[in-house]
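Since every read-out is calculated from the coordinates, none of them should be taken as a lab result. Note that the structure is a prediction, hence the values are computed from the model and not measured. Glycine also receives a Cβ, built like all others from the backbone with ideal geometry; neighbour counts cover every protein chain displayed.
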Amino acid sequence: MTDDPGALRHAPPLPAGATGGDADAPGRAGGAALRRSWLRAVLASALVLVAGGALGAAGHHLERAYGIRPPQTTETATGWHIAGLHGQPFSGLALHGTRLLWHNGPSIEYFDLESGKLRLLGPGPGMRATWAPAVGRRYAVWFEAERSNSLAARAVAYDVERGRRWTLAEIGAVYSLPAVSEGDAVWCSATELTVPRIAGAHIADGTALKIAGEYGIPAIADGLVVWARGAGGPFAAHEMSSGRTWPVVVQGLVGRMTRFALAGRTLVWGQLDSGGSGAVLSAGVDGGETRQLAAGVIGLAGPAFDGTTVVWAERDDGTGGSRVMGRRLDGGDAFLIATAAGEVAEVTVSGGVAAWIAGDGVTSWIDTAGVPR
C-alpha cells in the first residue's frame, strides 16, 4: 500500500494535446469522455495498489508462518513452561498481569497466561532485528530495524486489548531498551549522530516526551522516570508533571549493577562486587535509608519489583540449578518461590506471578509460578 495517504487523490497527467481547465466546459469536444477516462485511471491505480499491498502482507505472514517455529507451551502444576525449539536463546522477559512477552531471536512473542494463546507480534515487513519488549496494562512497546546496528530503528506499539500494532516513533540509534507505564513509554536513543537523549512518547497519540539530554537507562512508573547514568549508576529522577529533575542519593552503589526496577517511588537494584558476590538493595527516590534485601548472592539474576514483591534468582549449589527467591518490602525474610533447572538469566514479577528465563547452554526456556502469599 502506498505510504502517501493522498496519493490516490492526485489527478494523473492530462493526455498529450490536452490542456488544463474544466473538462466539461461548453464547446470542448470529448470533455465527458476525458473525465470518465480519468476516473477509470484512478480506480485502476487504486485496485493495483490495494492488491499489491494485500499480496505483500500475505507473503510476509506466509513467510513468517513457515520460517519461524513457535515455542512449545505446556501448562504445569505451578504455572506454564515455554520451551524454545530452534536453539535461539530467549531474552527480554516482560510481564504485566497475564501478559507475558519476550524476545526470541528476531521475533517478539506474546503469551497470555490466562487463555494459553501465543502470538507473534514482530518484526514487521522489511524488519530483521528487534529489541526486548516492555509491557504495561494495555500497551506493549519494542524496537525494530532492518539490522541490529541500524541508525534508523523505530518504536513499535501494540494494543493488547484491540490486537493492533503501529509505528509509535522513529528513534534512530538504540541506546537502551524501552520501559512502559500506563500510557507512556521511555527509552534512550539518538537520531543521526547526535548525543543520546532520554525520550519517549505518549503511546495512544504518539506525542513526544523529552526527559533529559543525556545518556541513560530509564525506567518509568506513574509519570516518574528514573535512569542509571552508567552500568554502575548513579541514578537521576525526573517528574513529568512538574518537570523537576534531581539526583537520587543512595548508599552502597559500588561494582557492576545487574538490573534495576522502579515501582511507585521505590527503586530496587542488584549489584556485584569484584569477587562476583551479589546484593539486592532498595531506596526511595526522594531520599532516605538504603535497605539491603539480600547479600552474598552467587549467580544473581534480577531483581524485578512490582511494588509489593522483590524477586531475584541465585545459584543453588546443592542441586546444580537455581533458586527463584522473593521478599516483600513491607517486612519479613526472603522466601523460596521455586527451584529451577539450569541457570536463570532473567526474572520478572507482576501481581503475584513470577516468571524467569533459564537455560543449560544449549536451549532456553521460560517458567512461571505463583508467588507464595
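For the reader, a short list of remarks on this structure follows.
- Binned Cα-Cα distance frequencies in the stretch 115-210 - 5 Å width, integer %: 3, 14, 26, 26, 18, 9, 3, 1, 0
- Each part reduced to its alpha carbon centroid, the stretch 127-190 and the stretch 231-251 end up 23 Å apart.
- The H on the amide N of A345, modeled in the peptide plane, is under 5 Å from the matching H of I357, A358, G359, each at least 5 residues off or on a different chain.
- Under Karplus coefficients 6.51, -1.76 and 1.60, residue-wise ³J(HN,Hα) of the stretch 151-158 in Hz, glycine/proline x: 8, 10, 7, 10, 8, 10, 10, 9
- Cα-only Debye scattering, the stretch 188-300: base-10 log of I(q)/I(0) at q = 0.10, 0.14, 0.17, 0.20 Å⁻¹: -0.32, -0.60, -0.83, -1.05
- Expressed as a fraction of 2.2 N^0.38 Å, the C-alpha radius of gyration for the stretch 258-373 is 1.01.
- Ranked by the mean number of other Cβ atoms within 10 Å per residue, highest first, peptides 144-150, 298-304 order as 298-304, 144-150.
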